[in-house]
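Student: Below is a structure I'd like to ask you about.
The values are calculated or read from the model by the stated rules, or taken from the named source; none is laboratory data. Owing to the predicted nature of the structure, the values given are computational and were not obtained by experimental measurement. Virtual Cβ from ideal backbone geometry, glycine too; neighbours counted across all protein chains shown.
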Amino acid sequence: MTYIKKYFIVIFIALAICGCGSEPKDKAEEVAVAFFDAIYNQNDINKAQKLCTTNFAKEIGKYVTTKNVARRLFNMSFDSVEINAALGDMKIRDEFKNSGKLTILFTGYRHGKIYKELKNIKLIKQGDVWLIEKLLPDTIPN
């Protein structure tokens, strides 16, 4: 009987040690792309809200649908879109481990024409999860 108890204790400790990683589950750019993909390609506002802080999720929820979020909050609408994280901000996120700014590049079609847009967002890390905290103002005038 003691042998079985020791065996379970060793297994428990091994699982606890393996499960205590401090690295985020998803990288900040993966979370950002998944967020915008939920809005623009999957039309899933609930999935998008799960990738946000509580306050930003509430703000998004006010718009009720992904089409309203896209049009009114982000001021962009597409028939189809490809979403990429800009590479320039990776050094910032590596340097500041708990928050950072990320630029997202959108290449999409609307009414047969191609459009390219940039949006800046702020992400924060809560525990080991990156979350979208807010949309930053555009720095390049249209």
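Student: If you check I45 against the conditions, is it at pLDDT 95 or above and crowded, with 18+ Cβ neighbours inside 10 Å?
Tutor: Judged against the criteria, I45 is a match.
Student: Now, a different point. For residues that are among the β-branched types (V, I, T) and not in a helix (DSSP H, G or I), scanning just region 65-85, find the one that is farthest from K134 (Cα to Cα).
Tutor: Of all residues in region 65-85, those among the β-branched types (V, I, T) come to 65-66, 69, 81, 83.
Subset that is not in a helix (DSSP H, G or I): 65, 81, 83.
Working: T65: 18, V81: 21, I83: 18 Å.
Among them, the one singled out is V81.
Student: Sort through I39, I60 and tell me the only one that's in contact with a Ser or Thr (Cβ under 6 Å, 6 or more places away or on another chain), among the aliphatic types (A, V, I, L, M) and at pLDDT 85 or above.
Tutor: I39
Student: Mind checking which residues of region 35-64 are under 13 Å from L135 (Cβ atoms), outside any helix (DSSP H, G or I) and of a type in the set (A, V, I, L, M, F, W, C)?
Tutor: C52
Student: Considering every residue within region 10-27, establish whether at least one is modelled with pLDDT of 85 or more and surrounded by 12 or more Cβ atoms within 10 Å (Cβ to Cβ).
Tutor: yes
Student: Then there is this: Suppose we filter L51, L123, L102 for residues that are within 15 Å of K27 (Cβ to Cβ), at pLDDT 95 or above and surrounded by 19 or more Cβ atoms within 10 Å (Cβ to Cβ); which single one remains? Outline the logic, then answer.
Tutor: Working: L123 fails: at pLDDT 95 or above; L102 fails: at pLDDT 95 or above.
When all the criteria are applied, what remains is L51.
Student: Could I ask something else about it? Would you tally the residues in region 64-79 being buried (at least 17 other Cβ atoms within 10 Å of the Cβ) and over 20 Å from K116 (Cα atoms)?
Tutor: So the answer is 0.
Student: Tell me which residues, restricted to region 101-142, are without any contact (Cβ under 8 Å) to a residue 24 or more places away in the chain and aliphatic (A, V, I, L, M).
Tutor: L105, I114, I140
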